[in-house]
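Each remark here refers to the structure printed beneath this line.
Throughout, read-outs are computed from the coordinates displayed, never taken from laboratory work. In this text, all values refer to a predicted model and were calculated from it rather than measured experimentally.
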Amino acid sequence: MMGEQTTTCCQICENWKGNGFYLLDAFICKDCEHLMVNTSPDQEIYSYFIERLKERRMHSYLM
Ligand SMILES: [Zn+2]
């Protein structure tokens, strides 16, 4: 396969993305990063992100 891009499953939106960064051991895509930086901690979406990450970590501990 030519021009194959490495993609990683985003821990927030669960889409496979090539661009993003790691927050601890969780991959977060550019889109979600953008959402996060534009979200203040008092907004509901922020706690959604945190919950998602915690959930993920729980799963990896159990498995
Ligand atoms: Zn994402």
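Tell me, what is a quarter of the convex hull surface for the C-alpha atoms of the range 8-62, in nm² with one decimal?
Approximately 3.6 nm², given one-decimal rounding.
In nm, what is the difference between 0.36 nm times the number of residues separating L24 and S40 and their Cα-Cα distance?
The L24-S40 span can extend by a further 3.8 nm.
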